[in-house]
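Visitor: Just passing along the structure, written as structure tokens.
The values are calculated or read from the model by the stated rules, or taken from the named source; none is laboratory data. What you are looking at is a predicted structure, and each value in this text was computed from that prediction instead of being measured. Glycine gets a Cβ as well: all are built from the backbone with ideal geometry, and neighbour counts include every protein chain shown. Side chains included, ligands, DNA and RNA excluded: accessible areas come from the protein's heavy atoms. Shrake-Rupley method; radii C 1.70, N 1.55, O 1.52, S 1.80 Å.
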Amino acid sequence: MRNKIHDFVGSIGATIGLLVFLAYIPQIISNLNGAKGQPWQPLVAAISCLLWVIYGFTAEPKKDYILIVPNVAGVIFGLITFFTSF
């Protein structure tokens, strides 16, 4: 039972994490349209997410995909937001 609760809560957390990083899309569009945003928060978020991806891949005894999946999105969207803000 405890394992099911753990998986359920982890899945909800991963879904919400993914939505948080998808929320960068309007900022990316604004950046591309000339209304540049600040670059530092998305860069720091991307670095943080990269560390969590590494942690998830090196977890023992198995990889932690509940951490990996949303944080890969964070790396991708954070870096896109960072580079389009210039």
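Visitor: Tell me, what is the per residue accessible area of the chain in Å², probe radius 1.4 Å? Present the calculation step by step, with values, prior to reporting the outcome.
Guide: On the way: 5900 Å² over 86 residues.
I get 69 Å² per residue for this part.
Visitor: On to the next question. With each label point set 7 Å from Cα along the Cα-Cβ vector, what nm distance links VAL20 and ALA59?
Guide: 1.5 nm
Visitor: Continuing with this model, one more query. Count the net charge of all other residues whose Cβ sits under 14 Å from the Cβ of SER11, scoring Lys and Arg as +1 and Asp and Glu as -1.
Guide: -1
Visitor: Sticking with this one: Suppose each label sits 7 Å from its Cα in the direction of the beta carbon; what would the ILE29-MET1 distance come out to in nanometres?
Guide: 4.6 nm
Visitor: Once you have the Cα-Cα distance between SER48 and ILE76, take 0.36 nm times their residue separation minus that, and quote the gain in nm to one decimal.
Guide: Taking SER48 through ILE76 to full extension adds about 8.9 nm, to one decimal.
Visitor: Let me ask something additional. Give me a comma-separated list of calculated 3J(HN,Hα) values for the range 44-50, in order, Karplus coefficients 6.51, -1.76, 1.60 applied at θ = phi - 60°, integers in Hz, x for any Gly or Pro.
Guide: With coefficients 6.51, -1.76 and 1.60, one gets 5, 4, 5, 5, 4, 5, 4 Hz.
Visitor: So what is the relative contact order for the range 2-81, in percent, with contacts set as C-alpha pairs under 8 Å and at least six apart?
Guide: Numbers: 76 pairs, mean separation 34.3, N = 80.
Rounded, it is 43 percent for the range 2-81.
Visitor: Further question on the same structure: Of the listed values [x] 1.25; [y] 1.09; [z] 0.94, identify the label whose number matches Rg/Rh (Cα atoms, Kirkwood Rh) calculated from this model.
Guide: [y]
Visitor: Moving on. Once neighbouring chains are kept in place and the probe is 1.4 Å, which whole percent of the accessible area of the chain is contributed by carbon and sulfur? Present the calculation step by step, with values, prior to reporting the outcome.
Guide: Details: 4330 of 5900 Å².
With neighbouring chains kept in place, the figure for the chain is 73 percent.
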